[in-house]
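In what follows, a structure is listed as structure tokens, so that the remarks can point back to it.
The values are calculated or read from the model by the stated rules, or taken from the named source; none is laboratory data. None of the values given here were measured: they were computed from a predicted structure. As a convention, Cβ positions derive from the backbone with ideal geometry for all residues, glycine included, and neighbour counts pool all protein chains shown.
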Amino acid sequence: MTYASHPFDALMDITARPKAVFVRGKGSYLWDESGKRYLDFMQGWAVNSLGHSPDVIADALAAQSALLLTPSPAFYNGPSLKLAKALIERSCFDQVFFANSGAEANEGAIKLARKYGSLYKNGAHEIITFEGGFHGRTLATMSASGKKAFEPLFEPKVPGFRKAKLNDIESVKALITRSTVAVMLEPIQGEAGVWPATDEFLRQLRALTRAHGLLLIFDEIQTGVGRTGKLFHYEHAGIEPDIMTLGKGIGGGVPLAVLLATENASCFEHGDQGGTFNGNPLMCAAGLAVLETVSRPEFLKATTDAGLFVESELQKLSARHGLGDVRGRGLLLALDLKLPIGPSIVAQAFAEGVLINSPQPDALRFMPALNVTREEISLMIGCLDAVLTKAGAARQVA
């Protein structure tokens, strides 16, 4: 047996991480073990919808943990029933299945669509997804994703996914066959660099899928629960999908995800789907606290206003530094850098105590808490302005 020489070595090396070890968080800030404070505009990749360790979630977890952690998914529990009812009342769906991660929820959506095809469409099983899409890291969700880096990994992949081009309805039409059962997409492709589907394209997809008797699946793992200014992104386009998945922000920092479906699409039978920790009362209590907070009209209005302010400030920053467009909606935004300097900018901002993300080398992504303040936005912009100024000066010298 070998022993790790440093605590870092005990973890599998699956991504590059800075050496800071975070020990505490509150609102938009994190502190590492040395006491250094960081302004967080990543929030766990759009996970901490109410910021770090909000009282409303901490209180819900404390109260529920003293009552019941999990009775087994073989039995009903109060928080899961309350959260399911609250989600149905606030959406266009009729039934929910709780999961632990976005990938698990998307895996469930794929299974549900295939079950629907086996029951109602003569065994149709293919799902049209999109180039650049990201749906998770299980074998099926990696297969559904359109991420180039996934293509050589873990072969053979799960078959049955055909890739169309985002915002190109003709590319979708060209892939429909008798084997097609559904179309699945992110309304905004986050990992690809924050590329939005237009509202018109989403309406075209809804019309096309209805015309062909196909299910329309929205992966709202990153866009859902207020992130784009509406409780769910599909509301922007004025349409209703057949299936939707939620994750990240619905738990506000704890592992919780949801598969939602209309009555027509909800066709699982006993034994088709399950999970040991799915729908446990502890996580559902946190989810209910998040949903009740975020779904308030005044909260969503403040989120929309904050998003518009970030967008405006990024546009000014782009103009000052000769950068590209600002993409996205609400508080899921990206700044086009025009050059592959994203990782360097992220590292320099980290050194200055600001956390941002570069999903692609030529873009920065911003996913702050939904209750981020104007002061915190201005602090981030000021730091990024200084870092970009240094980067520009360095390029001129080079």
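Output the residue which, of all residues in segment 211-242 that are hydrophobic (A, V, I, L, M, F, W, C), in a loop (DSSP other than H, G, I, E, B) and on the phi < 0 side of the Ramachandran plot, is surrounded by the fewest Cβ atoms within 10 Å (Cβ to Cβ). Per the criteria, the residue is ILE239. Scoring VAL183 on the criteria (1) assigned to a loop (DSSP other than H, G, I, E, B); (2) β-branched (Val, Ile, Thr); (3) within 21 Å of the chain's Cα centre (by Cα) leaves a single failure, condition (1).
Counting the residues of segment 247-269 that are part of a loop (DSSP other than H, G, I, E, B) and either in contact with a helix residue (DSSP H, G or I) (Cβ under 9 Å, 6 or more places away or on another chain) or modelled with pLDDT under 95 (or both) gives 11. Out of LEU87, LEU166, LEU139, LEU119, report the one residue that is under 30 Å from GLU292 (Cβ atoms) and not small (Gly, Ala, Ser). After ruling out the rest, the residue left standing is LEU87.
All of (1) surrounded by 14 or more Cβ atoms within 10 Å (Cβ to Cβ); (2) touching a Ser or Thr at 6+ places or on another chain (Cβ under 7 Å) hold for LEU30 with one exception: (2).
For (1) of a type in the set (A, V, I, L, M, F, W, C); (2) part of a loop (DSSP other than H, G, I, E, B), each residue gets a yes or a no:
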site	(1), (2)
CYS92	yes, yes
GLU104	no, no
ILE110	yes, no
GLY117	no, no
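Among the residues of segment 254-280, those that are surrounded by 23 or more Cβ atoms within 10 Å (Cβ to Cβ) and either in contact with a Leu (Cβ under 8 Å, 6 or more places away or on another chain) or free of Cβ contacts under 8 Å to residues at least 40 places away in the same chain (or both) comprise ALA257, VAL258, LEU259, LEU260, ALA261, ALA265, ASN280.
Tell me, please, whether a residue that is of a type in the set (Val, Ile, Thr), more than 28 Å from LEU87 (Cα to Cα) and without any contact (Cβ under 8 Å) to a residue 40 or more places away in the chain can be found in segment 388-396. Steps first, please.
Of segment 388-396, the ones of a type in the set (Val, Ile, Thr) are 389.
From the residues that got through so far, the ones that are more than 28 Å from LEU87 (Cα to Cα) too are 389.
If we keep only those that are without any contact (Cβ under 8 Å) to a residue 40 or more places away in the chain too, we end up with none.
There is no residue in segment 388-396 that is of a type in the set (Val, Ile, Thr), more than 28 Å from LEU87 (Cα to Cα) and without any contact (Cβ under 8 Å) to a residue 40 or more places away in the chain.
Checking the stated criteria, ASP385 turns out to be modelled with pLDDT of 95 or more, surrounded by fewer than 20 Cβ atoms within 10 Å (Cβ to Cβ) and out of contact with any Pro (no Cβ under 9 Å at 6 or more places or on another chain). A single member of GLU352, GLU313 is surrounded by fewer than 20 Cβ atoms within 10 Å (Cβ to Cβ), within 25 Å of the chain's Cα centre (by Cα) and closer than 25 Å to GLY51 by Cα, and it is GLU313.
Take the conditions (1) out of contact with any helix residue (DSSP H, G or I) (no Cβ under 7 Å at 6 or more places or on another chain); (2) more than 27 Å from SER91 (Cβ to Cβ); (3) among the hydrophobic types (A, V, I, L, M, F, W, C); VAL158 misses just one of them, which is (1).
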